[in-house]
1. Run residue 12 past the list (1) assigned to a helix (DSSP H, G or I); (2) farther than 30 Å from residue 281 by Cα; (3) out of contact with any helix residue (DSSP H, G or I) (no Cβ under 6 Å at 6 or more places or on another chain) and report the number of the one that doesn't hold.
2. Can you tell me which residue in segment 193-223 is surrounded by the fewest Cβ atoms within 10 Å (Cβ to Cβ), limited to those that are out of contact with any strand residue (DSSP E or B) (no Cβ under 9 Å at 6 or more places or on another chain) and part of a helix (DSSP H, G or I)?
3. Would you mind stating whether residue 290 is crowded, with 18+ Cβ neighbours inside 10 Å and on the phi < 0 side of the Ramachandran plot?
4. Tell me, please, whether a residue that is modelled with pLDDT of 95 or more, touching a helix residue (DSSP H, G or I) at 6+ places or on another chain (Cβ under 9 Å) and over 30 Å from residue 71 (Cα atoms) can be found in segment 210-217.
5. Can you work out which of the residues in segment 313-345 that are within 29 Å of the chain's Cα centre (by Cα) and at positive phi is modelled with the lowest pLDDT?
6. Checking residue 313 against (1) touching a strand residue (DSSP E or B) at 6+ places or on another chain (Cβ under 7 Å); (2) crowded, with 21+ Cβ neighbours inside 10 Å; (3) under 25 Å from residue 84 (Cβ atoms), which single condition isn't satisfied?
7. Looking at 303, 222, 275, which is the one that is outside the structural domain of residue 64 (by TED's automatic domain parsing) and over 22 Å from the mean Cα position of the chain (by Cα)?
8. Quick one: would you say residue 304 is surrounded by 16 or more Cβ atoms within 10 Å (Cβ to Cβ), under 18 Å from residue 287 (Cα atoms) and touching a helix residue (DSSP H, G or I) at 6+ places or on another chain (Cβ under 6 Å)?
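The values are calculated or read from the model by the stated rules, or taken from the named source; none is laboratory data. Here the structure is a predicted model, which is why all the values come from computation and not from measurement. All Cβ positions, even for glycine, are placed from backbone atoms using ideal geometry, and neighbour counts span all protein chains on display.
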């Protein structure tokens with residue numbers, strides 16, 4: 001917990017149904033907790049909504065977070081919720097500006113845990129340059145909510161040089177992955193199963209808006225498509241793109257970055273890193289003419305040392321993803337069937 005944000009004095013040590021009643025306990029929870037910690041001119045009005053101005057093209061995204069466990073190595077459900085929505089907007093070429101924040105709290109949730117989640121939300125908002133302007137809080141009976149669920153909706157301004165559209169990709173475009181695969185999913189499953197590894201594996205949850213904005217500043221319309229490979233992983237995202245564009249995708253296994261400890265964990269657990277969820281990296285499909293320059297710029301980023309060109313778009317084998325293995329063979333990479341890791345984000 002961030003000790004610079006000491007927990008306020010609440011009348012109860014845990015959430016109870018009265019905190020969702022709309023009465024005194026609700027006011028105390030919001031006033032001493034949410035409003036005080038996240039205060040800004042728009043949120044301080046404490047209205048059912050917010051009125052604000054935006055100039056230019058805007059993007060909007062919403063998501064609900066039900067991750068289990070709520071706390072994990074490298075983050076918790078709070079910063080995951082902020083980063084997830086900020087990143088969804090970044091994949092549209094937009095810089096998040098405002099967020100809504102809604103909680104479903106379970107009776108019995110410890111106030112210390114709720115406060116730790118709130119502090120992580122505040123920290124993540126500050127890192128991403130976004131503010132919470134309105135929201136909602138509900139409380140459900142013990143056993144009905146698994147501690148806490150969070151919904152966030154984000155609104156942001158689209159970069160003036162962004163032209164992110166599935167219709168823009170074409171044969172010859174290069175596919176760039178911004179970092180190593182599978183950290184988030186392996187972190188979550190290791191917490192669930194109580195597994196320990198020789199080195200600490202932590203979630204890659206982080207905001208991507210600043211690096212995406214910098215890339216758009218430099219390369220603009222040459223960036224044809226952006227996607228973040230969260231649930232279903234890289235394989236599922238590439239299959240969705242291939243199907244939507246009616247084009248083929250060819251990737252090379254040797255060029256796909258996976259850290260040694262994560263690869264070992266995947267092998268032990270029987271998971272393919274291509275299908276494991278990520279929270280802090282993205283796929284960029286870009287014009288071949290700028291792929292090398294963009295990769296160098298990305299590798300200079302704090303988290304981009306392992307970024308790589310992992311494949312390209314092709315007119316061959318439309319709607320299919322084909323991977324060249326490290327031993328030279330080829331295989332079809334299908335979309336994830338079913339749910340590999342439920343409650344991952």
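1. In the conditions (1) assigned to a helix (DSSP H, G or I); (2) farther than 30 Å from residue 281 by Cα; (3) out of contact with any helix residue (DSSP H, G or I) (no Cβ under 6 Å at 6 or more places or on another chain), residue 12 misses (1) alone.
2. 193
3. On the way: crowded, with 18+ Cβ neighbours inside 10 Å: no; on the phi < 0 side of the Ramachandran plot: yes.
For residue 290, the condition - crowded, with 18+ Cβ neighbours inside 10 Å and on the phi < 0 side of the Ramachandran plot - is not met.
4. Yes.
5. Among those residues, the one meeting the criterion is 338.
6. All conditions pass for residue 313, except number (3).
7. Within the list 303, 222, 275, the selection yields 222.
8. no
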